[in-house]
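Participant: Before anything else, here's the structure in question.
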Amino acid sequence: RNADELLAAAETEVDPQRQIAMYSTAARLLRAANQGNTKLANAMGRCAECKVSVGDEDGAKSMLLEGVGVLGVGNDVDLNQEVERISAASFEDVSMASGFYLYLGQLSIAEEALTFYRKGLFILEKSCCKDDKEQAIEIRKQLCAANCSLADLYMTDLCYEPDAETECEAAINRALDNDDGAVADALQAMANLRLSQSRPDDAVPIIQRAYERIHVGCSALARIVGLGVDDRKNDIENDDEAPAPELSNVDEVNALPGFEFRCQTAKILLECAAHLSNTENPQKDTSKVNECAEAAVQVLASLLAQNDEVIEIWYLIGCAFNAFLPANAEMAKHHWDRALEMLLKVQAGIEDEMKFGNTDDNLHEQMGEIKGQIEEVQEKLGSITTAGTEEMDEG
């Protein structure tokens, strides 16, 4: 088969190892035939993605670096010559080269990741003079996402660098400068930074703005699992008897950010709710607390609709209902009970493996983590019981 046939076949192949073989062969044929650098680099990029899927990150990085070399954009030490090359390159080559460097950043850590992110950003920044309006919009989206990735690097791997906070905030501000008003990435990054700076009052309105951009899709999914605002007027005991609602706002649902991103959104909202409900907070406002708690419920419910086997989501939904003023103890208990049931099932499974002689250290580590989580959930459930008893005594 020729290179084009191999590339087409690889796109529909489900076995990643066969895909890697197909893309590698296609790349070799394209290189031998000198049939165009863009097509060759694209084959290398797709091959790199497949290598990542099978755990070969080093192989993926080598393939991406080779792809950048093929494109001839972003790999010249002479910055003046590099700017000329970027200006002369096609939009497709610019996007691909910057994308390769940003992907390399995701696959790397600390200083190496920083180097790759900066190269990707450099290519994007120098290509912003493109006259095509649609291309300029796409470049701005990529700049926003890339700067958010850079900011995250300064909050994690490079957090102990002396200028980490300054560089992080600068990256987020650049992301906000290129914000298209649709995605929540830059706003969430800024809210997260403000919390890390012990500035929760500043974080609250920022994360609320981020939530506004995803609330339609989240609320649509929340209704699917019976956690829409109106749905909760019904008794939770009758959930299984009610017909499943149809999904609405499909476009907004499809546009939602990924699972981990939304989980982080919910955690930030819960942290803001906890700050606002603090008795020592001079700006305590019950309505604002409940706004953050409700937003967290909607985001977490969207995750539950996507995957109801994640224990953390059940636990966090319980925390969200408990964050209301006054707390919705019934709903909190319902979700914590489910989280506890799932944890006990996992614990029993690990115990069974140990009985059959599995002495894997990871298994013992998992058991320790599970026991700690069980204790935490039991403590939460105990706090509800204690609060209910105190209310009865007062009555």
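Participant: Return the pair list, or none, for Cβ contacts closer than 7 Å from residues in region 322-342 that are closer than 17 Å to residue 278 by Cα to residues that are polar (S, T, N, Q) and open to solvent by 60 Å² or more (accessible area, probe 1.4 Å), at least 6 apart or on different chains.
Facilitator: Listed by first residue and then by second, the contacts come to 325/286.
Participant: I would also like to ask the following. Given the residues 171, 186, 164, 191, which is the only one that is modelled with pLDDT of 95 or more and either closer than 16 Å to residue 105 by Cα or touching a Ser or Thr at 6+ places or on another chain (Cβ under 7 Å) (or both)? It would help to see each step written out before you state the result.
Facilitator: Numbers: 186 fails: either closer than 16 Å to residue 105 by Cα or touching a Ser or Thr at 6+ places or on another chain (Cβ under 7 Å) (or both); 164 fails: either closer than 16 Å to residue 105 by Cα or touching a Ser or Thr at 6+ places or on another chain (Cβ under 7 Å) (or both); 191 fails: either closer than 16 Å to residue 105 by Cα or touching a Ser or Thr at 6+ places or on another chain (Cβ under 7 Å) (or both).
One residue alone meets the criteria, 171.
Participant: Over 25 Å from residue 218 (Cα atoms) and either open to solvent by 30 Å² or more (accessible area, probe 1.4 Å) or touching a helix residue (DSSP H, G or I) at 6+ places or on another chain (Cβ under 7 Å) (or both), is that true of residue 308? Please lay out each step first, then the result.
Facilitator: Working: over 25 Å from residue 218 (Cα atoms): no; either open to solvent by 30 Å² or more (accessible area, probe 1.4 Å) or touching a helix residue (DSSP H, G or I) at 6+ places or on another chain (Cβ under 7 Å) (or both): yes.
Criteria not met by residue 308.
Participant: Considering only region 186-218, state which residues are of a type in the set (D, E, K, R), open to solvent by 50 Å² or more (accessible area, probe 1.4 Å) and farther than 16 Å from residue 261 by Cβ.
Facilitator: Within region 186-218, 199, 201, 202 qualify.
Participant: Scan region 135-160 for residues that are assigned to a loop (DSSP other than H, G, I, E, B) and open to solvent by less than 60 Å² (accessible area, probe 1.4 Å) and report the count.
Facilitator: Going through region 135-160 one residue at a time, the tally reaches 2.
Participant: Hey, another quick one. Within region 24-61, track down each residue that is over 19 Å from residue 93 (Cα atoms) and not hydrophobic (A, V, I, L, M, F, W, C).
Facilitator: Residues satisfying the conditions are 24, 25, 28, 51, 53, 55, 56, 57, 58, 59.
Participant: Here's a follow-up. Which residues, counting only those in region 259-307, are among the small types (Gly, Ala, Ser) and either part of a loop (DSSP other than H, G, I, E, B) or under 15 Å from the mean Cα position of the chain (by Cα) (or both)? I'd like the intermediate steps shown before the answer.
Facilitator: Taking region 259-307 and keeping what is among the small types (Gly, Ala, Ser), we get 266, 273-274, 277, 287, 293, 295-296, 301-302, 305.
The answer is 266, 277, 302.
Participant: Hey, among 340, 325, which residue is among the hydrophobic types (A, V, I, L, M, F, W, C), surrounded by fewer than 24 Cβ atoms within 10 Å (Cβ to Cβ) and not in a helix (DSSP H, G or I)?
Facilitator: Matching residue, one of 340, 325: 325.
Participant: Looking only at region 109-133, filter to residues that are over 19 Å from residue 152 (Cα atoms) and of a type in the set (Asp, Glu); which one of those is least open to solvent (accessible area, probe 1.4 Å)?
Facilitator: Among those residues, the one meeting the criterion is 132.
Participant: Return only the number of the condition from (1) open to solvent by less than 60 Å² (accessible area, probe 1.4 Å); (2) out of contact with any Gly (no Cβ under 7 Å at 6 or more places or on another chain); (3) at pLDDT 95 or above that residue 222 does not satisfy.
Facilitator: All conditions pass for residue 222, except number (2).
So that you can scan it fast, the table gives a plain yes or no per residue for (1) open to solvent by less than 20 Å² (accessible area, probe 1.4 Å); (2) closer than 25 Å to residue 153 by Cβ; (3) touching an Asp or Glu at 6+ places or on another chain (Cβ under 6 Å); (4) modelled with pLDDT of 90 or more:
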| position | (1), (2), (3), (4) |
| --- | --- |
| 17 | no, no, no, yes |
| 30 | yes, no, no, yes |
| 35 | no, no, no, no |
| 56 | no, yes, no, yes |
| 66 | no, yes, no, yes |
| 76 | no, yes, yes, no |
| 84 | no, no, no, no |
| 102 | no, yes, no, yes |
| 107 | no, yes, yes, yes |
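Participant: For region 370-388, enumerate the residues that are at pLDDT 85 or above and either surrounded by 13 or more Cβ atoms within 10 Å (Cβ to Cβ) or touching a strand residue (DSSP E or B) at 6+ places or on another chain (Cβ under 8 Å) (or both).
Facilitator: 370, 371, 373, 374, 376, 377, 378, 380, 381, 383, 384
Participant: Those residues that are closer than 20 Å to residue 198 by Cα and open to solvent by 30 Å² or more (accessible area, probe 1.4 Å), I need them from region 278-305; list them, please.
Facilitator: Scanning region 278-305 gives 278, 279, 280, 282, 283, 284, 285, 288.
Participant: Can you report the number of residues in region 161-192 which are over 17 Å from residue 115 (Cα atoms) and either outside any helix (DSSP H, G or I) or among the aliphatic types (A, V, I, L, M) (or both)?
Facilitator: 16
Participant: Something else: For region 227-241, does any single residue satisfy the condition of being modelled with pLDDT of 95 or more, open to solvent by 20 Å² or more (accessible area, probe 1.4 Å) and not in a helix (DSSP H, G or I)?
Facilitator: The answer is no, given that none of the residues of region 227-241 is modelled with pLDDT of 95 or more, open to solvent by 20 Å² or more (accessible area, probe 1.4 Å) and not in a helix (DSSP H, G or I).
The values are calculated or read from the model by the stated rules, or taken from the named source; none is laboratory data. Remember, predicted model here, so these are calculated numbers, not experimental data. Positions of Cβ are generated from backbone atoms using ideal geometry, with glycine treated the same way; all protein chains shown enter the neighbour counts. When the accessible area is computed, the model is the full protein with side chains, heavy atoms only, and any ligands, DNA or RNA have been set aside. Shrake-Rupley method; radii C 1.70, N 1.55, O 1.52, S 1.80 Å.
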